[in-house]
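Q: Sharing a structure with you now.
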Amino acid sequence: MNSIQRPDYDCIVVGSGAGGSAAAYKLVTAGLRVALVEKGHALPRDHSTLDFDKVVHQGLFKSTERWHDGQGAPFAPEEYFNLGGKTKWYGAALLRYGRHEFGADPAHQCLGWPFDYDELAPWYDEAESLLGVREFAVEPGLERIIARLDRDAWQMQPLPLALHASILANPLEASRFDGFASTAGLKGDGETALLSRLRGAPNLVLLTGAEVVGLIGASQSPHRIGGVRLKDGRELYAGSVLLAAGALHSPRLLQRYLTSAGIADTLLSADAIGRYLKLHLLTALVAVSATHQRDLIRKTRVFLNPALPHSSVQPLGFDGALIGTLVPKLVPRALARQIGTRAYGFFLQTEDGAHRDNCVSERPGTDPAQPVMDYDPARSPSAVREHARLVADFRSALLRAGMISFAQRIGNAGTAHVSGTLIAGSDPASSVVAPDGHVHGMQSLYVVDGSILPRSSRVNPSLTIYAWSLRVAHLIASRQHAARSVIPEVVS
């Protein structure tokens with residue numbers, strides 16, 4: 001037997017969303033022993049995840065975890081704890097960051113990445129291939145809207161989607177891929193596109209319904225993480241631990257460990273943990289026409305305006321029933337449903353700045369620890385101004401195209417695009433995660449979720465999270481293989 005006891009696993013991955021599923025895929029296929037730990041369970045396959053009443057009205061699958069905002073008011077962020085994370089519900093729209101979005105933009109309070117677009121480009125390629133990303137043709141209803149818009153002001157680009165080509169033959173799935181979880185496996189989410197490829201792999205242990213409540217330091221050094229502790233008391237040990245619990249949860253695990261280990265005051269990057277939270281400034285808009293709308297996919301083009309460089313507009317992939325719920329509450333519900341059949345939904349988003357006071361933390365002295373999300377969009381005044389202009393300009397463009405519209409701002413509970421809180425950078429004094437994915441000042445601890453994003457960009461973050469995670473996991477696997485080749489096994 002070995003005189004050096006090996007840990008249970010080479011790597012433990014905490015969380016199974018975009019970052020966790022991509023990391024697990026890359027590590028397992030590289031031959032490493034991996035434990036993937038997910039707080040939630042696999043979703044049911046009984047079509048309940050496509051049921052309008054259960055998903056929308058009852059919110060049956062959303063997290064009920066209670067948070068407080070910066071003023072102490074309670075609220076529930078729109079989080080999902082299940083195998084595949086939020087990618088099961090959203091994440092089908094997979095757009096790349098633009099080259100310019102890897103650089104700093106001080107006027108908009110945007111921090112820069114520690115490397116440029118070209119470093120991530122091959123991992124974007126791999127992610128798109130694994131997830132089955134493709135473009136769909138513009139459907140007639142959206143084509144009519146586009147034809148009436150000012151094409152100098154509003155430029156259209158294909159919106160890549162991780163949907164199977166056969167989804168058009170399944171009207172229910174096609175009309176509810178956005179905000180609902182596929183039961184037919186027609187959406188390239190983290191579970192379907194990545195984890196399903198690992199089914200039966202002898203070097204993967206998948207633990208669901210297993211909440212990680214703490215990190216375990218190595219006995220010889222509190223700056224080395226050697227494992228994780230689960231809520232049920234179990235402890236798992238590994239050579240490396242990868243945090244992929246999401247931008248609201250990973251920083252709390254790290255801060256909790258630093259406090260318990262007594263090193264929060266000595267770690268140079270500690271002050272940046274939980275800071276620079278970003279949500280996007282988001283507005284849902286319903287545009288009503290005189291004709292019935294019968295498009296299925298709908299989300300096939302992204303609208304960009306050169307005068308609004310931090311913003312984008314996407315159609316919502318919602319059918320008339322769901323769009324009707326976005327009509328203002330003062331409208332009788334029967335009429336709202338009728339309006340929904342003649343309406344097209346749009347999702348307007350603007351990149352918010354990275355302000356250090358926008359943060360995630362845990363309220364001291366509370367048991368269990370009370371999570372706090374202190375986010376105020378007013379801390380990004382440039383973004384607020386651009387978003388207001390985006391909404392006004394797009395509504396005016398639709399009005400000129402013959403469509404009246406209703407707009408509804410999405411508040412702080414809308415965390416579908418949450419990012420930041422453990423931002424990546426080269427300087428430990430102003431960032432938490434190094435360019436190779438490890439936490440500054442810590443050994444064997446990596447972060448592979450959206451918390452590392454220095455910028456939220458003008459598009460959805462999912463593809464960039466997948467790409468970052470594939471890259472970091474590749475680096476980890478390469479190093480572990482190299483270490484094994486130069487350190488001979490000691491046999492007693």
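Q: Among the candidates Asp449, Asp427, which residue alone is surrounded by fewer than 17 Cβ atoms within 10 Å (Cβ to Cβ) and of a type in the set (Asp, Glu)?
A: Result: Asp427 is the single residue among Asp449, Asp427 that is surrounded by fewer than 17 Cβ atoms within 10 Å (Cβ to Cβ) and of a type in the set (Asp, Glu).
Q: A follow-up question, please. Glu362: acidic (Asp, Glu) and at pLDDT 95 or above, yes or no?
A: Criteria not met by Glu362.
Q: Related question: Being β-branched (Val, Ile, Thr) and at pLDDT 95 or above is the requirement here; does Thr350 meet it?
A: So Thr350 fits the description; yes.
Q: Where residues in region 304-329 are in contact (Cβ under 8 Å) with a residue 60 or more places away in the chain and crowded, with 23+ Cβ neighbours inside 10 Å, which of them is nearest to His100 (Cα to Cα)?
A: The residue in question is His310.
Q: Now, a different point. Quick check: is even one residue across region 6-23 on the phi > 0 side of the Ramachandran plot, part of a loop (DSSP other than H, G, I, E, B) and surrounded by fewer than 24 Cβ atoms within 10 Å (Cβ to Cβ)?
A: No, there is no match, as no residue in region 6-23 is on the phi > 0 side of the Ramachandran plot, part of a loop (DSSP other than H, G, I, E, B) and surrounded by fewer than 24 Cβ atoms within 10 Å (Cβ to Cβ).
Q: Which number in (1) in a loop (DSSP other than H, G, I, E, B); (2) touching a helix residue (DSSP H, G or I) at 6+ places or on another chain (Cβ under 6 Å); (3) in contact (Cβ under 8 Å) with a residue 12 or more places away in the chain marks the one condition that Thr283 misses?
A: (1)
Q: While we're looking at this one, here's another question. Which members of region 190-210 meet the condition of being touching a helix residue (DSSP H, G or I) at 6+ places or on another chain (Cβ under 7 Å) and among the charged types (D, E, K, R)?
A: Within region 190-210, Glu191, Arg197 meet the criteria.
Q: State all residues of region 177-228 that are of a type in the set (Lys, Arg) and surrounded by fewer than 23 Cβ atoms within 10 Å (Cβ to Cβ); if no residue qualifies, say none.
A: Arg197, Arg199, Arg224
Q: For the subset of region 409-424 comprising residues that are of a type outside the set (Ser, Thr, Tyr) and touching a helix residue (DSSP H, G or I) at 6+ places or on another chain (Cβ under 7 Å), which member is surrounded by the most Cβ atoms within 10 Å (Cβ to Cβ)?
A: Gly420
Q: Counting only residues that are surrounded by fewer than 21 Cβ atoms within 10 Å (Cβ to Cβ) and of a type in the set (A, V, I, L, M, F, W, C), which one in region 69-93 is farthest from Leu36 (Cα to Cα)?
A: The residue in question is Ala73.
Condition check ((1) part of a helix (DSSP H, G or I); (2) without any contact (Cβ under 8 Å) to a residue 60 or more places away in the chain; (3) farther than 30 Å from Ser426 by Cα; (4) among the aromatic types (Phe, Trp, Tyr)) across all residues:
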site	(1), (2), (3), (4)
Val55	yes, no, yes, no
Glu65	no, no, yes, no
Glu101	yes, no, no, no
Trp113	no, no, no, yes
Glu128	yes, no, no, no
Glu143	yes, yes, yes, no
Ala153	no, no, yes, no
Leu168	yes, no, yes, no
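Q: Right, another one. Ala307: modelled with pLDDT under 95 and over 24 Å from the mean Cα position of the chain (by Cα), yes or no?
A: Spelling it out, it is not the case that Ala307 is modelled with pLDDT under 95 and over 24 Å from the mean Cα position of the chain (by Cα).
Q: Of the conditions (1) out of contact with any Pro (no Cβ under 9 Å at 6 or more places or on another chain); (2) surrounded by 15 or more Cβ atoms within 10 Å (Cβ to Cβ), Gly365 fails just one. Which one is it?
A: Only one criterion is unmet by Gly365, namely (2).
Q: Let me ask something else about it. Sort through Ala290, Ala264 and tell me the only one that's within 30 Å of Val228 (Cβ to Cβ) and of a type outside the set (Val, Ile, Thr).
A: Sole residue among the options that is within 30 Å of Val228 (Cβ to Cβ) and of a type outside the set (Val, Ile, Thr): Ala264.
Q: Return the residue satisfying two criteria in turn: it lies in region 452-488 and is in contact with a strand residue (DSSP E or B) (Cβ under 7 Å, 6 or more places away or on another chain) and of a type outside the set (A, V, I, L, M), and of such residues it is nearest to Pro160 (Cα to Cα).
A: Asn460
Yes or no, residue by residue, for (1) crowded, with 24+ Cβ neighbours inside 10 Å; (2) at pLDDT below 95; (3) under 22 Å from Cys359 (Cβ atoms):
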| site | (1), (2), (3) |
| --- | --- |
| Asp436 | no, no, no |
| Gln443 | no, yes, no |
| Val472 | yes, no, no |
| Leu475 | no, no, no |
| Val490 | no, yes, no |
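The values are calculated or read from the model by the stated rules, or taken from the named source; none is laboratory data. Just so you know, these numbers come straight off a predicted model, no measurement behind them. We place every Cβ from the backbone using ideal geometry, glycine too, and count neighbours over all the protein chains shown.
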